[in-house]
1. Summing Lys, Arg as +1 and Asp, Glu as -1, what charge do residues with Cβ under 9 Å from the Cβ of Gly403 carry, Gly403 excluded?
2. Using packing as a proxy for protection, rank 636-643, 319-326 so that the peptide with the highest average count of other Cβ atoms within 10 Å comes first.
3. So for segment 476-566, taking the charge dipole from beta-carbon charges (+1 Lys/Arg, -1 Asp/Glu), which of Val561, Phe528, Gly482 sits furthest toward the positive end?
4. Roll a 1.4 Å probe over the protein chains and send me the accessible area per residue for the chain in Å².
5. With a 10 Å radius around each residue's Cβ, average the other Cβ atoms per peptide and rank 469-475, 11-17, 122-128, highest first.
6. Run the quick spin-label model on Asp373 and Glu78: label points 7 Å from Cα toward the beta carbon, then report their separation in nm to one decimal.
7. In whole angstrom, how long is each semi-axis of the equivalent ellipsoid of segment 321-411, when you take the square root of 5 times every eigenvalue of its Cα gyration tensor and sort them from largest down?
8. If you take the Cα atoms of segment 548-700, find Rg, then find the Kirkwood Rh from the mean of 1/r over all pairs, what is Rg/Rh?
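The values are calculated or read from the model by the stated rules, or taken from the named source; none is laboratory data. Nothing here was measured: the structure is a model prediction, and the numbers come from that model. Neighbour counts are summed over all protein chains in view; Cβ atoms, including those assigned to glycine, are modelled from backbone coordinates with ideal geometry. Remember, those area values only see protein heavy atoms, side chains included, never the ligands or the DNA or RNA. Shrake-Rupley method; radii C 1.70, N 1.55, O 1.52, S 1.80 Å.
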Amino acid sequence: MSEDLKKIVVDGKEIEVPGDLALLQACELAGAEIPRFCYHERLSVAGNCRMCLVEVKGAPKPVASCAQQVRDLRPGPEGQPPVINTSGPLVEKARDGVMEFLLINHPLDCPICDQGGECDLQDQAMAYGRSYTRYEENKRAVDNKYMGPLIKTIMTRCIQCTRCVRFVAEVAGEESIGMVNRGEDAEITTYLEAAVTSELSGNVIDLCPVGALTSKPYAFEARPWELEHTESVDVMDAMGAAITIDSRGAEVMRILPRVNEEINEEWISDKTRYVWDGLLRQRLDRPYVRKDGRLVPVGWAEALDVVAKKLSGPADKIGAIAGDLCDAESMKALKDLLVHLGVQNRDCRQDGSALGGAHRAGWLFNSTFMGIDEAQHLVLVGANPRLEAPVLNARIRKAWLYGDLKVSVIGEAADLTYSYDRLGEGPGDLDRALSGDLLSAVKDSERAMMIVGAGAYAHAGGAAVLNRLGRFAKDANLAREGWNGFNVLHTAAARAGGLDLGFVPGEDGKDTAGILAGAQSGEIETVFLLGADEIDMSALGSAFVIYLGSHGDAGANRADVVLPGAAYTEKSGTYVNSEGRVQQGVRAVFPKGEAREDWAVIRALSGAMGKALPYDDLAALRARMVADHPAFGAMDYAPGPAGAEGFDPSALGAEGDLSGAGFATPVRDFYFTNPIARASRVMAECSAAKARTPQVQAAE
């Protein structure tokens, strides 16, 4: 038997398990079911609830299985393996007593509780509790606490498991929730009655085993058994978190996380969780054409006819820009149409980034997100992962907290929830910061990595910055066999997929900046915006603008023709996350009104132009996409270091002047980064609460 493995007997079954496992984990490996409230696999052990009591032979009383490890068990008098019983009279009596104690002050208001149907307390009371109570005194009442626009509190239901406290402190990196007082007076509170401002705060709702913390926007909207559950992919950032979209009829009611250890573990950001109300507002549900200065509703035939005529002009006077939420199918269809028309002016980088090149590893997160768990030294350049990818930031914090990860930053000073050494603020500091001690430390580290953010690659001198960072990566041996520490963190779900598709300028074509400048000067007469809303619309001059998208945001307001498309919950689309992982989102509800899936609109447009694209359904389009771009054939697979074979980071960008303003993340307001978020009332409330909170704290 290996030294780190121990033999134990669980309910008469002998197994061999690692000695550092908790008894609860060991019992579950043996097939036993252990109830619990305070214990959670991703949080520290509190041992509050005592629901996980088991009988250990020889122990004077039942043992809390979450708080004791296998290695702490004593063998029998003759060296026999320790014996654990997870059922029997002693255990059942103990659990009965614990459940009775937990329910002493619980209000028993299940019929009006939003947690009903998904409540751990309700389920375990049925399975392990008594059918009666001996408690006749008055129940205690606790005042509800204000935790912001996302979390509804009914604190009389709270059983003080402290899951929320531990999550906010350990995972989110704040201390905005805690427990005050002791005994019967113990309460969970936000201390200053201020909103919980973490970008991950909504996860405490999933963690709460009772109805004390529930979703405020979702309150009294639906019961879980009324909802259709669709497993899909998040597009609010470039991580591609695994989500479940819960819908009723034609309406998305809520969005919840799914467990995916390689990407988001089991967390999602507040924007991902609560943006669903923006799917109902400011929607484009019919085609519009501008007549006499006003957009008026028209039929599909008329709208497509107008667009077809405009796209039939000289190819060098047409440009196209793809936005941040586009699926790969729509970008592929538009690119095929543009190539057929001879249009070279196209770009998927509406942020003006300098990413691109011959090798895919030049724009991917090559270490993979799980690689952060192994990292020993991390260099952040122009990146603020707390705003650009909050779940990724939580993983970095975990590695810093438990793995002794050292973090260095070149960029703006920000609260990242972990300590770091700030080595500079902009391009002018790169030569100094990337030499000497940092170069030696990174080179000597077995698992060092660099994350390049949008503040660097979308900088005015982004090409020169990328070139300098690439040379540092080569000098520090970041890209080597079995490990590639050069990583790009995108801010948009569509960016990596667009680059994989080659939705970049063709021969002598113009990029986003060139298209805008051409439109301003009159050189570009027609601009096709595929969900592109983050550009300067005033720079489009007098160009004729065609907008295909789902929301009435900046692009639709400027457009001369509006073609209504589908939001990400209303279409089956392929997305590529920052790792290069190809994932497919699944339609949960149908598009609104006369809106259609984006690729289908482009296919219909090609037919109206007499240049029909060679696919009539989604399967044929995907087959064509995989044939032309084989990377899309590897579903749900992050290429990682193996996908960087032949990659030379020093060939990135181009040499140039390293000067200019400091690096700054383009995400100035986390809650307003795309048209869906800007249409959401909940996101507006979050933004306002975030702006107010520092003032409240300062006043205190």
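1. On the way: positive: Lys398; negative: Asp373, Glu374, Asp404.
Net local charge, Gly403 excluded: -2.
2. In descending order of packing, they fall as 319-326, 636-643.
3. Value: Gly482.
4. 40 Å²
5. Working: 469-475: 21.6, 11-17: 13.4, 122-128: 15.6.
Taking the mean over residues of other Cβ atoms within 10 Å, the ranking is 469-475, 122-128, 11-17.
6. Using points 7 Å along Cα→Cβ, the separation is 4.2 nm.
7. Working: eigenvalues 245, 33, 31 Å².
Sorted largest first and rounded, they come to 35, 13, 12 Å.
8. Ratio of gyration radius to Kirkwood radius for segment 548-700: 1.06.
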